[in-house]
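What follows is a short report on a single structure.
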Amino acid sequence: TQLLEQSPQFLSIQEGENLTVYCNSSSVFSSLQWYRQEPGEGPVLLVTVVTGGEVKKLKRLTFQFGDARKDSSLHITAAQPGDTGLYLCAGADSWGKLQFGAGTQVVVTP
Amino acid sequence: EAGVVQSPRYKIIEKKQPVAFWCNPISGHNTLYWYRQNLGQGPELLIRYENEEAVDDSQLPKDRFSAERLKGVDSTLKIQPAELGDSAVYLCASSSRLAGPGFVDYNEQFFGPGTRLTVL
């Protein structure tokens with residue numbers, strides 16, 4: 001059972017469009033991480049957010065941590081085919097143990 | 001710097017057979033994790049090692065799964081006997097930080113490519 005709910009499960013967009021992926025939970029986390037996973041590979045860490053209300057930007061990716069530290073969003077501006085992948089959020093407890101969501105599969109077509 | 005190495009990359013076995021997976025973490029990383037990722041799901045933690053000690057194995061099905069990290073470096077995960085429901089990708093990850101109460105800093109885990117297990 002995934003404690004973190006990600007939505008949507010699947011997203012297909014054209015190159016140049018914007019997209020937002022959501023990660024929601026009823027639990028409070030010490031920190032929240034976003035990963036991208038490509039076929040046949042393990043997840044790769046994109047960002048960690050720690051403070052409620054925190055916003056981090058990584059080039060065209062914007063990550064936000066909710067004020068109550070229960071939810072997060074990932075926004076991609078002007079998506080490119082290289083952004084295609086499975087985006088996973090993971091909440092960390094005070095011991096650093098991660099709970100992953102089921103992921104959002106993003107497909108960006110040229 | 002080499003990443004986390006896992007072998008084999010793929011394994012197909014018949015049910016009731018044993019299977020083993022091997023992981024070599026990033027050099028110097030004290031903490032090692034084994035995860036299972038079912039199709040369409042995120043990874044779920046099976047066991048976490050700090051050096052050679054298994055500090056969290058609460059989600060490891062101990063009737064058929066076992067793991068070891070004898071010298072605190074590489075690790076093996078074994079399933080005996082395998083069942084159809086064990087088909088999944090088994091991921092190994094490592095990190096350089098030891099977790100503990102009051103942990104406030106992030107703990108970046110570096111994942112290997114995984115072993116895709118198919119049980120027929």
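The numbers here are math on the coordinates, done by the rules we state, and not lab data. What you see is a predicted model, and the numbers here were worked out from it, not measured in a lab. In this analysis, Cβ positions are derived from the backbone assuming ideal geometry, glycine residues included, and neighbour counts consider all displayed protein chains.
Miscellaneous remarks
- Note on the protein assembly as shown: the C-alpha convex hull projects to 12.6 nm² when averaged across all orientations.
- About its Cα centre, the dipole of the protein assembly as shown is roughly 260 debye, where the only charges are +1 on Lys and Arg Cβ and -1 on Asp and Glu Cβ.
- Over 29 Å between alpha carbons, listed pairs A:Lys56/A:Lys97; A:Lys57/A:Lys97; A:Lys56/B:Lys71; B:Lys15/B:Lys62; B:Lys11/B:Lys62: A:Lys56/B:Lys71
- Net dipole in debye of the range A:51-110 [+1 Lys, Arg Cβ; -1 Asp, Glu Cβ; about Cα centre; nearest 20]: 140 debye
- Projected label distance in nm at B:Tyr10 and A:Gln9, using a 7 Å step from Cα toward the beta-carbon: 2.6 nm
- Comparing A:Thr77, A:Gln14, B:Leu39 along the charge dipole axis of the protein assembly as shown, the residue lying farthest to the positive side is B:Leu39, per the Cβ-charge model.
- Our summary gives chain B a relative contact order of 37 percent, counting only alpha carbon pairs under 8 angstrom and 6 or more residues apart.
- Going from the fewest other Cβ atoms within 10 Å to the most, the residues A:Arg69, B:Arg64 appear in the order B:Arg64, A:Arg69.
- With R₀ set to 41 Å, the beta-carbon distance separating B:Arg116 from A:Asp67 gives a calculated FRET efficiency near 0.55.
- FRET efficiency for B:Ala20 and B:Gln41, using Cβ-Cβ distance with R0 set to 25 Å, rounded to 0.05: 0.60
- Partners of A:Lys59 within straight-line reach, counting lysines whose Cα lies under 25 Å from its Cα and excluding those fewer than 8 residues away in the same chain: A:Lys70.
- Three-way shape call for chain A based on the alpha-carbon gyration tensor, with the a/c threshold at 1.5: prolate
- Residues A:Lys59, A:Lys70, sorted so that the one with the fewest Cβ neighbours within 10 Å comes first: A:Lys59, A:Lys70
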